[in-house]
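Inspection log for the structure reproduced underneath, given as structure tokens.
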Amino acid sequence: MTNSFKQLDAILRGDATRVSNLQRGEIPVSARGLVGVVILLGVLYGLCMGSFAVVRATLGDGGANAPHASDAGGQLVAAAVKLPLLFLLTLGVTLPSLYVFNALVGSRLRPRAVIRLLVSMLAVMLAVIASLGPIVAFFGLSTTSYPFMKLLNVAVCAAGGFLALAFLLRTMHRIVLVQDTEDPPAAPPPAPAPAPATTGADADATPTVSTLAAVRHPGERRARSVFTLWLLVFALVGAQMAWVLRPFIGDPQRPFEWLRSRESNFFLDVFQALGQLLGG
């Protein structure tokens, strides 16, 4: 496990996705070891989420809404079990689409390397989320607002998702650079003609640095677009998976349940929680 956390540190620092590694079509990490890290980090954050119910059961809120101690303990265990399960199930559902999207951008990463890339992205996401777990636990100790705790956890997961997106796009940028280096043009480009002096309206036609960069790496913009689209799919699947596996925090006005019946949807519930929070 220590070696797996060292690999996670190498991923966070960018050492595991260096150009020299991508040139061989490999990402030198162990997918199995990183899955163990993902599970452990997920359990830790799940405990932070479930601590809200334990604190309310222990300290109470002066009303009839405080959960029973047995319900709070069950909620703590359920959150610790379901949080890593949420991300692993989302990984399994979206893995085939990542392989297809990877082929669409012309990447030479082998299927095993694609799996490692996805698990690495998941490890980055869980590392960010778990690092914010103590903050979630602190607010669970200092507030009795269930809508606030729901929105706080959504914000934490969104932050982890955005940083995982940055990791994935940075890695794909390096992959595109590697492929551009390995596949030079079939014929050298013709020498540019001397540029005439530009005055007036002609000055607007002068190429900019961003334009030259886009010409130099034509596949980069497509790769970024394709993988941004994939992460949007990943986020939607993850949101719906979280809705299927709820509750994670535990509504103090409802008895403990491992799974709730199908009703409403994730996004409507978030808007309702926001309305309850703003409405007092």
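When residues in segment 226-258 are screened for being assigned to a loop (DSSP other than H, G, I, E, B) and closer than 19 Å to Val154 by Cα, 7 of them pass. Can you tell me which residue within segment 139-157, out of those that are among the β-branched types (Val, Ile, Thr) and under 21 Å from Met241 (Cα atoms), is modelled with the highest pLDDT? Checked segment 139-157; the qualifying residue modelled with the highest pLDDT is Val156. With the structure loaded, tell me whether Leu168 is without any contact (Cβ under 8 Å) to a residue 40 or more places away in the chain, more than 16 Å from Ala53 (Cα to Cα) and part of a helix (DSSP H, G or I) or whether it fails that test. Spelling it out, it is not the case that Leu168 is without any contact (Cβ under 8 Å) to a residue 40 or more places away in the chain, more than 16 Å from Ala53 (Cα to Cα) and part of a helix (DSSP H, G or I). Pairing each residue of segment 147-163 that is closer than 14 Å to Gly238 by Cα with any residue that is surrounded by fewer than 22 Cβ atoms within 10 Å (Cβ to Cβ) and of a type in the set (Gly, Ala, Ser), provided the two are 6+ apart or on different chains, yields C-beta distances under 7 Å for Gly161/Ala235. Evaluate segment 108-116: report whether one residue or more is farther than 15 Å from Gly160 by Cβ, free of Cβ contacts under 8 Å to residues at least 60 places away in the same chain, assigned to a helix (DSSP H, G or I) and in contact with a Phe, Trp or Tyr (Cβ under 8 Å, 6 or more places away or on another chain). Yes, the conditions are met somewhere in segment 108-116.
The values are calculated or read from the model by the stated rules, or taken from the named source; none is laboratory data. What you are looking at is a predicted structure, and each value in this text was computed from that prediction instead of being measured. Note that we place each Cβ from the backbone using ideal geometry, even for glycine, and neighbour counts take in every protein chain shown.
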